[in-house]
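J.: Sending over a structure as structure tokens; questions will come in a sec.
The values are calculated or read from the model by the stated rules, or taken from the named source; none is laboratory data. Predicted, not measured: the structure shown is a model, and the values here were computed from it. In this analysis, Cβ positions are derived from the backbone assuming ideal geometry, glycine residues included, and neighbour counts consider all displayed protein chains.
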Amino acid sequence: TQPRTFRIAAIPADGVGAEVVAAGRTVLDALAEDSRGAFSFDWEEFPWGCDYYAKTGKMIDDDGLDRLKDFDAIYFGAVGWPNVPDHISLWGLRLKICQSFDQWANIRPVHFLPGVQSPLRKADDTELDWVVVRENSEGEYAGLGGRNLSGRGPGGEVALQSALFTEVGCERIMRFAFDLARTRARCKVSSVTKSNAQQYGMVLWDDVFKRVAQDYPDVETESVLVDAMSAKFVLKPEDLSVVVASNLNADILSDLGSALAGSLGLAASANLNPERRFPSMFEPVHGSAPDIAGQGLANPIGAVGSAALMLDHFGLPEQAARLHKAIQATTAAGVLTRDVGGTATTEEVTKALIAHLAD
Ligand code: NAI
Ligand code: MG
């Protein structure tokens, strides 16, 4: 077979983003080296983020999206720092890339790892493994609304934040979820809704779910209100396989899922443009963690797990599986960062991951 080179744009951005992207790159390069030329990674790193904004007034260069669009993938760290308001940094970089490149499917697996204690007692004796599929292009993060609409002056300010639900947007994410369910041991999709209170968008969401489900008679389904689903994550997680939810609901639930697995630092994600018209973006779920940034304490496993999702996207599932095995061997051996109860540094975990690639 032809040797393959994958061109990856690295955007470490802020705080621990830099530390975990560096760790992920090291692990991926070790994997490529080990492939004896079967595949390699060609990296280009971009300096965008809050420091860049402080210097230039821009979160990303004007031609930034143009420069990114021909890469095979984007490997992202985390954006946000106290020197820039969060809504400016998030919209200016991460959401800009997600929306411009139509990365409408955000995949967030909830993985339980050996050697990592879960706050769920159930996790000790029950097989738990589910994935949150997040609608990533519209919903509550459509950016529709305005502030001080009526000009009522000080003390009378008004803000409106709307959510956008389209039939096309709901349908494509639900079909994606059903297709994913068919590849899993438990063939089930749980739809997260709030149609009792949100009678327009969420009722459309429910209607599309019911319609799409008819095309997948072999897939078990349920529709659960988001408040009940948050309880279910804690009390009956063994009942979950694929959980499909709107942008905001999935954002919240996936942080809960990663906390249940032991730490936000473990959680991986992929922002996919399934049509492959644009590059997809792979990033840990966590943010820039200003409280621990620059101290070598960041858990790199979320970023490395995101790299495994990138390998899957590249059509290298056996390499992705090797990364997952290395992650499991590392945590099972007790090489853990502080957030999961250990004393290892980012670098020590990274070295252990590379050592276990040879297992
Ligand atoms: P955060 O995820 O940065 O931190 C929450 C907690 O988790 C902190 O205690 C932190 O130390 C811990 N944590 C996060 N990642 C970790 C890792 N790899 N290893 C060990 N512990 C880790 O969320 P927070 O504090 O709400 O936000 C901080 C900044 O990050 C804000 O500016 C926010 O806007 C931004 N953010 C960016 C995201 C992104 O780029 N995708 C996602 C979430 C937040
Ligand atoms: Mg989040």
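J.: Quick one: which of Ala30, Ala10 is of a type in the set (Gly, Ala, Ser) and either crowded, with 19+ Cβ neighbours inside 10 Å or touching a strand residue (DSSP E or B) at 6+ places or on another chain (Cβ under 9 Å) (or both)? Break it down stepwise before answering.
T.: Details: Ala30 fails: either crowded, with 19+ Cβ neighbours inside 10 Å or touching a strand residue (DSSP E or B) at 6+ places or on another chain (Cβ under 9 Å) (or both).
Criteria check complete, one pass: Ala10.
J.: Here is a further query. In segment 68-93, what count of residues is obtained for those that are in contact (Cβ under 8 Å) with a residue 40 or more places away in the chain and either basic (Lys, Arg) or closer than 22 Å to Leu248 by Cβ (or both)? Even if it seems obvious, please write down each step before you answer.
T.: Going residue by residue through segment 68-93, those that are in contact (Cβ under 8 Å) with a residue 40 or more places away in the chain are 68-82, 89, 91, 93.
Narrowing the set further to residues that are either basic (Lys, Arg) or closer than 22 Å to Leu248 by Cβ (or both) leaves 69, 76, 78-80, 89, 91, 93.
Matching residues across segment 68-93 total 8.
J.: Sticking with this structure for a sec: When you go through (1) in contact with a strand residue (DSSP E or B) (Cβ under 9 Å, 6 or more places away or on another chain); (2) in a loop (DSSP other than H, G, I, E, B) one by one for Lys58, which number turns out not to apply?
T.: (1)
J.: Please enumerate the residues belonging to segment 2-40 that are assigned to a loop (DSSP other than H, G, I, E, B) and either at negative phi or small (Gly, Ala, Ser) (or both). Talk me through it step by step, then tell me what you get.
T.: Initial filter on segment 2-40 (assigned to a loop (DSSP other than H, G, I, E, B)): 2-3, 14-15, 35-38.
Of everything in segment 2-40, those that are assigned to a loop (DSSP other than H, G, I, E, B) and either at negative phi or small (Gly, Ala, Ser) (or both) turn out to be Gln2, Pro3, Asp14, Gly15, Ser35, Gly37, Ala38.
J.: Given the conditions (1) hydrophobic (A, V, I, L, M, F, W, C); (2) within 16 Å of ligand 1 (Cβ to nearest atom); (3) without any contact (Cβ under 8 Å) to a residue 40 or more places away in the chain, report the number of the one that Val20 does not fulfil.
T.: Failed condition: (3).
J.: Let me ask you something else. Could you list, in sequence order, all residues of segment 123-164 that are part of a loop (DSSP other than H, G, I, E, B) and among the acidic types (Asp, Glu)? Spell out the reasoning first.
T.: Filtering segment 123-164 down to residues part of a loop (DSSP other than H, G, I, E, B) leaves 125-128, 136-138, 148-158.
Asp125, Glu127, Glu138, Glu157 - these are the residues of segment 123-164 that are part of a loop (DSSP other than H, G, I, E, B) and among the acidic types (Asp, Glu).
Yes or no, residue by residue, for (1) within 9 Å of ligand 1 (Cβ to nearest atom); (2) out of contact with any strand residue (DSSP E or B) (no Cβ under 7 Å at 6 or more places or on another chain); (3) outside the structural domain of Asp14 (by TED's automatic domain parsing); (4) hydroxyl-bearing (Ser, Thr, Tyr):
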residue	(1), (2), (3), (4)
Val242	no, no, yes, no
Arg276	no, yes, no, no
Phe314	no, no, no, no
Val335	no, yes, no, no
Thr343	no, yes, no, yes
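J.: Tally up the residues in segment 280-316 that are among the small types (Gly, Ala, Ser) and without any contact (Cβ under 8 Å) to a residue 12 or more places away in the chain, please.
T.: First pass over segment 280-316, keeping only residues among the small types (Gly, Ala, Ser): 280, 287-289, 293-294, 296, 298, 302-303, 305-308, 315.
With the extra rule that they be without any contact (Cβ under 8 Å) to a residue 12 or more places away in the chain, the set shrinks to 315.
The qualifying residues number 1.
J.: Next up: Looking at segment 210-219, which of its residues are out of contact with any Cys (no Cβ under 6 Å at 6 or more places or on another chain) and closer than 13 Å to Lys188 by Cα? Break it down into steps so the answer makes sense when it comes.
T.: Within segment 210-219, the first condition is being out of contact with any Cys (no Cβ under 6 Å at 6 or more places or on another chain), and the residues that meet it are 210-218.
The answer is Ala213, Tyr216, Pro217, Asp218.
J.: Turning to a different aspect of this structure: Being of a type in the set (S, T, N, Q), touching a strand residue (DSSP E or B) at 6+ places or on another chain (Cβ under 8 Å) and within 10 Å of ligand 1 (Cβ to nearest atom) is the requirement here; does Ser258 meet it?
T.: Numbers: of a type in the set (S, T, N, Q): yes; touching a strand residue (DSSP E or B) at 6+ places or on another chain (Cβ under 8 Å): yes; within 10 Å of ligand 1 (Cβ to nearest atom): yes.
Yes; evaluated as a whole, the condition is true for this residue.
J.: Quick check: is even one residue across segment 78-86 among the β-branched types (Val, Ile, Thr) and touching a His at 6+ places or on another chain (Cβ under 8 Å)?
T.: Pass one, segment 78-86, residues among the β-branched types (Val, Ile, Thr): 79, 84.
So of that shortlist, the ones also touching a His at 6+ places or on another chain (Cβ under 8 Å) come out as none.
No, because not a single residue in segment 78-86 is among the β-branched types (Val, Ile, Thr) and touching a His at 6+ places or on another chain (Cβ under 8 Å).
J.: Follow-up question, since we're still on this one. So is Val79 within 28 Å of Gly294 (Cβ to Cβ), within 20 Å of the chain's Cα centre (by Cα) and away from ligand 2 (no atom under 16 Å from the Cβ) or not?
T.: Considered against the rule, which asks whether it is within 28 Å of Gly294 (Cβ to Cβ), within 20 Å of the chain's Cα centre (by Cα) and away from ligand 2 (no atom under 16 Å from the Cβ), Val79 comes out as no.
Conditions tested, residue by residue: (1) assigned to a loop (DSSP other than H, G, I, E, B); (2) in contact with a strand residue (DSSP E or B) (Cβ under 7 Å, 6 or more places away or on another chain).
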{"residue": "Gly77", "(1), (2)": "no, yes"}
{"residue": "Trp81", "(1), (2)": "yes, no"}
{"residue": "Lys96", "(1), (2)": "no, no"}
{"residue": "Gln103", "(1), (2)": "yes, yes"}
{"residue": "Arg108", "(1), (2)": "no, yes"}
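J.: Condition (residue is among the charged types (D, E, K, R) and touching a Leu at 6+ places or on another chain (Cβ under 9 Å)) applied to segment 141-150: is it met by at least one residue? If you could, list the steps in order and put the result at the bottom.
T.: Step one: of segment 141-150, the residues among the charged types (D, E, K, R) are 147.
Among the residues that remain, those that are also touching a Leu at 6+ places or on another chain (Cβ under 9 Å) are: 147.
Yes, there is a match, as at least one residue in segment 141-150 is among the charged types (D, E, K, R) and touching a Leu at 6+ places or on another chain (Cβ under 9 Å).
J.: For Pro290, work out the one condition from (1) touching a Pro at 6+ places or on another chain (Cβ under 7 Å); (2) surrounded by 18 or more Cβ atoms within 10 Å (Cβ to Cβ) it doesn't fulfil.
T.: Of everything listed in (1) touching a Pro at 6+ places or on another chain (Cβ under 7 Å); (2) surrounded by 18 or more Cβ atoms within 10 Å (Cβ to Cβ), Pro290 misses just condition (2).
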